Structure formats: structure tokens, C-alpha cells
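The values are calculated or read from the model by the stated rules, or taken from the named source; none is laboratory data. Keep in mind the model is a prediction, meaning the values are calculated, not measured. Quick reminder, even Gly has a Cβ in these numbers, built from the backbone with ideal geometry, and neighbours come from all protein chains shown. These area figures cover heavy atoms from the full protein model, side chains too; ligands, DNA and RNA do not enter into them. Shrake-Rupley method; radii C 1.70, N 1.55, O 1.52, S 1.80 Å.
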Amino acid sequence: MAARTCGRRAGRLALAACLVLIGSLASVDAASASEPAVAEGTVASASSHVGISGVEVRFIYGSSGYYKSTTGAGGKYAGALPAGEYVVEFVPKAPYAIQYYEDAQSEASATRVIFREGEHKAISAELAQGNSIAGTVTSAANGNELQGIEVTLYEAKAPNTVVATTTTNEHGGYEIATIPRGEYLLGFKASFLTSLNVAPQFYEDRPRFDEATTLHLTEGQHLGISPKLSPGGTISGVVTDAVTHAPVGGVSVVAFAVGSKLPTAVALTGASGEYTLPGLGDEEVIVYFAPETKETAALYQPQLYDDREVPSDIAEGELFLLGSHVAVTAGVATTGIDAALVRREPANTLAPLASGTPAVGQTLSCTDGSWTGIPTLAFAQRWLRDSAPIPGATGSTYAVQAADVGHGLACEVTATNEVGSVNAVSNTLDVPAPSTPPAPASAPVLVLSAAAISVSKGEARVPIACEHANCAGTIELTEQRTVKLRTGGRTRSKRETVVLAKGSYALAAAHSATILLRLTAAGKGALARATHHRLSAEALATVAGGTAAKRRVTLSIAVTSRHH
């Protein structure tokens, strides 16, 4: 038999031409020392039982290679081949249809045949004349003929196994020919990356695959099926940069039906970051955002709606286990399915914070701030005097020296991952000159005056009081969370800080107020999942020129909203 390898297997009903090394039926690799197996058989007509000559019998191995033979007079063939496991395909000329052993419609449902060294095995088949399905696809809304509708024939006994596919022409017409006998399902939907907005439909006027009417084809049947497709549902949104909030073009947006490995709609964001997924039916989908261009793929990592990261080791068919489900209704536009893409390289979302008393002999501390970027991030700190590095001053703490008097101190944090390194600088703490020592009472002091924080309409209400001097700064509510990371085949745990809410404030001395902090998406989700919607967090309030305030608090959703 002759062997060949194609980059891709030819379609079941559309035989792609491949380069074939022609050899005699009995030729097997001369270098092989093992005794070959022998395959023989007869290929005949299913109706007349008369042998058919000129049928190519292919013994397929692996993903793309096969040995072949051709039937002669009386439909007989015979020859040797190496021991192994094969799928046997019979490829005749018209009017007969392609068939797999044993009377199977596709390679996926074919019976595998195992040949051992020196084994003789009879592999025969009876081929039926092909069937055909043709028709015209039109719009149920206006009767217009629809071009660009994908018509797909599925094997009924092997769900999601495509037997043949074609696309309607400019007159809405289509035809699928030389279909083997068997049971099939027929589906119609708009081709990907088209502007057609029609709902998917299966024969006979069914919205879902599992409700489709089965077509029973015998031999030489010619069916006319002309569906009318109703308007579909759409999903739209805007894709932006999570840090700069600038629109991001060139991002592939894919909708997967929940529980399915197959995409139902595909779109590409434009320069404005906007996209629309058309042609959806009554279904629940997850929406997957994948940077498509060379530039965006290098900058951003894929993610799911709603801003959920995609683990690098997850299979495509398992995406629905992580993504938020989006309910779609045929004929209805679903808007606001946006995405804020996280950069692959580190990106600072909340600046580092330098705190402590800026006086000689006192120790200052520096937090890393908040960052995004692909795991795992490593942090390094160094201290600056008037924006210049202080020799030897590295680490998260620094003891104020005499040389710092009259200068400003800050810390610089460098975040590093496999993509690169990014720096962020904290606030500046001024070390006053000795000639003008500040009165202790003149330093602003901020007091977080409650341990219970009420949340209403997506805002956390934090009561504060300012003492001694005017207070200004930021307030942040955070939660420590343990996440599991899988790297190098091993799973390990890491503690990370999640920002639940944040905001800024300015308050005159000797005054108090309730500051409204807007909950982040992570904060809303964490509070919604928490038992009784109560969540333990840490409140950290910075004070320019003063001492930061920190305390443990409890967040809870308010039953009623009242202003005191």
C-alpha cells in the first residue's frame, strides 16, 4: 500500500487533494524486520451487491497518514501493511458515497481495526448511492434570501460530529451531495465574522441541537429543506485597558454556549474597543476575550467576563466552569458586557505608601501598593532622598538619618514577572529641619471611628474624625486572600491583597464626616459571596504629613440606607 501524510485530514464529503507516494499494494517499508499483516476484502453495491472497481480503500493511522489500495475487477483488493491500529475509509466515485468501516458515517464513529504481525483480516463494505439535501435559506422577518449562512450536517449518533458543511450563495441556495445512508441532524446559523443577525436553527424549525428532528437517509434520496431564520440576539460591549482605561482594538471576542466546546459567535473589537456578537439564540453563554493581534497578545492576557482571569492550563471546553454566564434572548440586544484587560507585565493600580514619623532615629515603612500582571510578581524596595536613591537603603523599612534632615523621603517599589519590571514611587515624607521643629499637636491625626462599616448601593460608609490639623489622603478597604497557583506541574498557595473599596478625602481639623468609598468589582463579588453578606476587612487611611490610621473592620450590607 502507498502511504501519505497531509497537514490536515481531508473533509468527509470534500476530498482535498494530497501528495501521495504511489506504491504497489504489497509494498511495505523494506527497513521493517517484522512480518507484515495482510488486509483483503470486497467492496460492492449495497443495492445490487455487485463489486465496485476503482474504490480507494484507505487504512488511516495517526492524525493524517494512511496506506491505500484500489479495488479491481469484482471490487476486490488485497495487500500488506504494518501491524497497528487503523480506521478504514472507502472512497468511491460518484454516485456512491464515502463510508467508514464498519458501515459508519464518519471517522469519529468508525470501528477501529487492529492488525497484528502476520495477521490476515477481511475488511469488506457495501456502499450505498449518495443522498443529497438542497434548499434556499430566507429571512423570516422580510423574506430576503440570506447569503453567508453556514449549513452543517451532523451525525445523529455522534453529537457535535460534523459530517459536511457548506455556505449559502448570493441567492441563499445551498446543496450537500453524496451523503451516505444514515441518521443526521441539520443546522443553520450565520457564518462567523459576518454582520448577519439570525438565530441558529435546526431542522425542523428547532432552536437547539438536542431538539432537532432526525433525518433518516437510505439511498439515492434528494431532500429539499428551505428554512426561514428568525432575528437573533446580540451581545455588545467595550474592551479597555484596566490601568489606562483606553480602548483596546484587535481583541477576539468569542461566545461559547454553556457546556459546549464549540463557539457560537465570534467578533473582533475595533479601534474604539467596541464589539458586537450577532446571531445568538435563546441560550446562556460565557464570553471570552483573547488578544488577537501581535501587539495586544504581547500586552494583555486572555480573560472571561466578568473580569475573570483564565488559567494557562485550562482546556477550552472547561471555560464555562469559570466564566460568568450571560443570558441571551433571540431578537434582544444584550449590552454592557465589557472587559477591562489586565496587562501581562506588572501594572501599578495603587501607589506604594510610605508611613511613619519623618524624624531622625525613627523608622519608616513602605507597602508594595496594589499591582496587576501575570503571576508570580516579585517585589523589591529602595528608599529615595529628594528622588535620588540612598546608597544601601533597600527593604520595606528605613531608619531616618541625620543626612535626611530638610529633605523628602519616599520609597520606590519594583515589581517583576517573566514579562518585565515596572517601578512605582510612594508619597513623600518631609524630614523637617531642626530650626523649625513641628509642634507635636500640629501634625494631623485621623481617627477611624467605627469598626462596623455599612454598605449601600455599592458604596461603603466610613466614619472618620480629623484632629490637630487639616487631614487629607486616601482610604482603602482590603482583604487578605489565599490563591492557588499552578506552575511547573506543582500547586502552591500565595497570600495576596484584594482591594474591596477605595476613595480619597479632605477634612478640616476638629471635624468629622462619613466618607463614601466605591466598591470595586472584587469587593462587590466578595461581599455577595460572604456568609450573611458580612465580610472582615482591614481599613487603611493615609494622612498627608501625619500618621496613617489602620484598624480591622466588618463590612455588611445595610438593610436600609440612612444619613446621620
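Some observations on this one:
- Residue within the range 76-83 that is crowded, with 22+ Cβ neighbours inside 10 Å, under 20 Å from residue 183 (Cα atoms) and in contact (Cβ under 8 Å) with a residue 12 or more places away in the chain present: no
- Yes/no for residue 427 being in a strand (DSSP E or B), open to solvent by 50 Å² or more (accessible area, probe 1.4 Å) and closer than 20 Å to residue 353 by Cβ: no
- In summary, residue 451 fulfils each of the numbered conditions (1) exposed (fewer than 13 other Cβ atoms within 10 Å of the Cβ); (2) under 30 Å from residue 374 (Cβ atoms); (3) touching a residue at least 12 places away in the same chain (Cβ under 8 Å) with the single exception of condition (2).
- Residues that are over 24 Å from residue 545 (Cα atoms) and among the aliphatic types (A, V, I, L, M) within the range 453-474 comprise 453, 455, 460, listed in sequence order.
- Any hit, the range 537-544, residues being open to solvent by less than 20 Å² (accessible area, probe 1.4 Å) and in contact with a Cys (Cβ under 6 Å, 6 or more places away or on another chain): yes
- Every test in (1) closer than 13 Å to residue 106 by Cβ; (2) under 27 Å from the mean Cα position of the chain (by Cα); (3) not in a loop (DSSP other than H, G, I, E, B) is passed by residue 164 save one, and that test is (2).
- When we screen 192, 256, 188 for residues that are more than 18 Å from residue 335 (Cβ to Cβ), out of contact with any Lys or Arg (no Cβ under 6 Å at 6 or more places or on another chain), open to solvent by 30 Å² or more (accessible area, probe 1.4 Å) and among the aromatic types (Phe, Trp, Tyr), the only hit is 192.
- In the range 219-233, residue nearest to the chain's Cα centre (by Cα) [restricted to those that are surrounded by 14 or more Cβ atoms within 10 Å (Cβ to Cβ) and of a type in the set (S, T, N, Q)]: 230
- Only one entry in 204, 183 is closer than 23 Å to residue 260 by Cα and part of a strand (DSSP E or B), namely 183.
- Here 509, 528 are screened, and the one residue that is assigned to a loop (DSSP other than H, G, I, E, B) and of a type in the set (Gly, Ala, Ser) is 509.
- Of residues in the range 311-340 being surrounded by 19 or more Cβ atoms within 10 Å (Cβ to Cβ), of a type outside the set (Gly, Ala, Ser) and at pLDDT 90 or above, the one farthest from residue 418 (Cα to Cα): 328
- Restricting the first member to the range 218-234 and to residues that are closer than 20 Å to residue 97 by Cα, and the second to residues that are in a loop (DSSP other than H, G, I, E, B) and open to solvent by 50 Å² or more (accessible area, probe 1.4 Å), the beta-carbon pairs closer than 7 Å and six or more apart or on different chains are 218/181; 219/47; 219/181.
- Single match in 285, 238 (criterion: within 12 Å of residue 341 (Cα to Cα), of a type outside the set (D, E, K, R) and touching a residue at least 40 places away in the same chain (Cβ under 8 Å)): 238
- For the range 400-420, a tally of residues being of a type in the set (Asp, Glu) and at pLDDT 95 or above returns 2.
- Here the range 341-368 is the region considered, the condition is being among the small types (Gly, Ala, Ser) and buried (at least 20 other Cβ atoms within 10 Å of the Cβ), and the residue that is nearest to residue 242 (Cα to Cα) is 354.
- Residue selected from the range 471-503 under the condition free of Cβ contacts under 8 Å to residues at least 60 places away in the same chain and surrounded by 13 or more Cβ atoms within 10 Å (Cβ to Cβ), by the criterion farthest from residue 451 (Cα to Cα): 496
- Restricting attention to the range 186-201, the residues that are at pLDDT 90 or above and assigned to a loop (DSSP other than H, G, I, E, B) add up to 5.
One line per residue, one yes/no per condition, for (1) touching a Cys at 6+ places or on another chain (Cβ under 7 Å); (2) assigned to a strand (DSSP E or B):
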| residue | (1), (2) |
| --- | --- |
| 337 | no, no |
| 358 | no, no |
| 371 | no, yes |
| 383 | yes, yes |
| 392 | no, yes |
| 410 | no, yes |
| 418 | no, no |
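- Residue within the range 48-68 that is modelled with pLDDT under 95, surrounded by 12 or more Cβ atoms within 10 Å (Cβ to Cβ) and more than 19 Å from residue 80 (Cα to Cα) present: yes
- The sole residue among 367, 397 that is farther than 30 Å from residue 487 by Cα and of a type outside the set (A, V, I, L, M) is 397.
- Considering residues of the range 195-218 that are over 29 Å from the mean Cα position of the chain (by Cα) and open to solvent by 60 Å² or more (accessible area, probe 1.4 Å) only, the residue farthest from residue 278 (Cα to Cα): 218
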